[in-house]
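Below is one structure; the comments refer to it alone.
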Number of protein chains: 2
Amino acid sequence: MQDAETKSIQLVFDAWLQQIRMTASLLESLSDEQLLLPIAPKRNTGKYLLGHLVAVHDALFPLLNLGEKLYPELEEIFIHQSDSAAVEKPGIPFLREAWHKVHMELNTKLAALQTEEWLSRHQAVSAEDFLLAPHRNKLNVILNRTSHLSYHAGQLILLKG
Amino acid sequence: MQDAETKSIQLVFDAWLQQIRMTASLLESLSDEQLLLPIAPKRNTGKYLLGHLVAVHDALFPLLNLGEKLYPELEEIFIHQSDSAAVEKPGIPFLREAWHKVHMELNTKLAALQTEEWLSRHQAVSAEDFLLAPHRNKLNVILNRTSHLSYHAGQLILLKG
């Protein structure tokens, strides 16, 4: 069965794509100088949030069984460490490029998933546990990541003049 | 076993309920004094965002053909007018109560929707237009409102000390 035949799955994937497009467009409208600023006093910088979103979405490749991460080094810097940690961070041009590459490849792979794959387990749940918790599937991961993305987009918008 | 469509709809509705619960809990953790503050310098106050979310979700009753709005007067104040507009706004205790009443009634009604109702048109699209744009259904409205809610939750969290 084609996933287009399952209307709800198509809607969820389209909602994800729409949030990615809107955030991409927001990021393009922000200068590197604006991204270096905190979104509010003493809060994360735009740069950290950009790196965080790239790292979280890059982790979807292994989580959804779609391949390896493109930028495994970003996980430590932008997920495990806070913005204020004394670790060297890649520059904004590198992160902007990583944003594009991750989403280009990820969304191509997601677009090819069939209904039964969308509803199959993600890799952080065992086959055994999945029998008891069938909602822990790939579609649910994308739903959660869409909310996570919107959450941070609502913060990035504060950098606009 | 439920079919793929019904399962996916359940996931979308559960994601909505989860965001409502998380935002409700965030709002409860904020004092009235904190909600009076802007989320960042010169930006919306927490109170305005609370009123905005209540007004937007209250509008789901007519949009999804689930009945009348509970608080029609909030639309003008919290959707059409900006935070800085010289209009009298209801107090925070009133808005907190409205948050609970709107979601209690709305979520009860949403929980009763059947698969074919979720995939039926919302009231802002005509039967004719819906034939050409079948994604303009009730499920898609809830998907969009979940992202909208997460977007503002990412702002409200900035009020936490």
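Quick look at the values:
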quantity	calculated
Rounded Å value of the spacing that divides the Cα centres of the range A:9-47 and the range B:104-147	27 Å
Ascending list, in nanometres, of distances separating the residue A:88 label from those of the other copies (7 Å, Cα toward Cβ)	6.3
Accessible solvent surface per residue of the range A:21-143, calculated while the other protein chains remain in place, 1.4 angstrom probe, Å²	50 Å²
Dipole magnitude (debye, nearest 20) for the range B:34-130, charges at Cβ of Lys, Arg, Asp, Glu	520 debye
Nearest-ten-degree value, helix B:92-111 long axis tilted from longest Cα axis of chain B	10 degrees
Summed buried accessible area for A+B [probe radius 1.4 Å, Å², rounded to 100]	2400 Å²
In degrees, nearest ten, helix B:46-58 long axis to first principal axis of chain B (Cα)	20 degrees
Neighbour cut-off at most 13 other Cβ (10 Å), DSSP loop, GluC sites (Glu not before Pro), the range A:77-146	A:88
Within the protein assembly as shown: Cβ-based charge dipole about Cα centre, in debye rounded to nearest 20 (Lys, Arg +1; Asp, Glu -1)	520 debye
Chain B - percent of accessible surface contributed by carbon and sulfur, probe 1.4 Å	55 percent
Helix A:7-29 vs. chain A, principal-axis angle (Cα, 0 to 90°, nearest 10)	10 degrees
Set of lysines near residue B:47 by C-alpha distance (under 19 Å), chain-local residues within fewer than 8 positions excluded	B:89, B:101, B:160
Calculated label separations, residue B:109, copies of the chain, 7 Å along the beta-carbon direction, nm	4.2
Residues losing 50 Å² or more accessible surface upon assembly, the range A:119-161, compared with the chain by itself, 1.4 Å	A:119, A:143, A:147, A:151, A:158
Residue mean of other protein chain beta carbons inside 10 Å, A:10-17	5
Farthest toward positive dipole pole in the range B:1-94 [+1 Lys/Arg, -1 Asp/Glu at C-beta], among B:54, B:81, B:26	B:26
Relative contact order (percent, whole number), chain B, Cα cutoff 8 Å, 6+ residue spacing	32 percent
1.4 Å probe, heavy atoms, protein only - residues of the range A:25-50 losing at least 20 Å² accessible area vs chain alone	A:40, A:41, A:43
Positive-end residue, the range A:55-161 charge dipole about Cα centroid, Cβ charges, pick of A:71, A:156, A:142	A:156
Environment charge at residue B:48 (Cβ cut-off 11 Å; Lys +1, Arg +1, Asp -1, Glu -1)	+2
Inter-site label distance for residue A:17 and residue A:136 at 7 Å from Cα along Cβ, in nm	3.0 nm
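The values are calculated or read from the model by the stated rules, or taken from the named source; none is laboratory data. If you're wondering where the values come from, they're calculated on a predicted model, not measured in any experiment. Quick reminder, even Gly has a Cβ in these numbers, built from the backbone with ideal geometry, and neighbours come from all protein chains shown. Please note that ligands, DNA and RNA were not included when accessible areas were found on the heavy atoms of the full protein model with its side chains. Shrake-Rupley method; radii C 1.70, N 1.55, O 1.52, S 1.80 Å.
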